Amino acid sequence: LPEQTNTIHTAGLTCLFFGIKILPPLVKLLWVVFKAIAWLGFYVRFFLIGVEYLFGGYQGVLEWITGFVHAMDEADERRKEEERAERAEKERKERRRTGSGTWEDKDQGKKSKKSRRR
């Protein structure tokens, strides 16, 4: 049995040596590799989010500019329509004030019935 004891002692010392000298650096190395892979994953993820934001933002700016131009065109059309309406209203008021636009004034070249009878 002393030979088995020596074998057990040698195995124990080998395991102890493995546990103290080899296992912590190996665990540390594995931990560093794990963190590197995780950080790389986060970097790739955030890089893709950033790229999407840049191109999405670029597309959003283009959409905003297009919408802005469209809104300006609509506002210009509304303004022109309001000016046309104001001009027409002024012309109506001018006709009422001056008396132009009546049936007799429209038939300037024609003689009225009263003047035909004479």
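The values are calculated or read from the model by the stated rules, or taken from the named source; none is laboratory data. Model, not experiment: these values are computed from the prediction. When the accessible area is computed, the model is the full protein with side chains, heavy atoms only, and any ligands, DNA or RNA have been set aside. Shrake-Rupley method; radii C 1.70, N 1.55, O 1.52, S 1.80 Å.
Summary table below
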item	result
F55 - accessible surface, heavy atoms, 1.4 Å probe, Å² rounded to 10	140 Å²
Normalised convex hull volume, the stretch 1-95, alpha-carbon set, Å³ per residue	101 Å³
Whole-angstrom gap from the stretch 50-91 to the stretch 1-48, using each part's C-alpha centre	66 Å
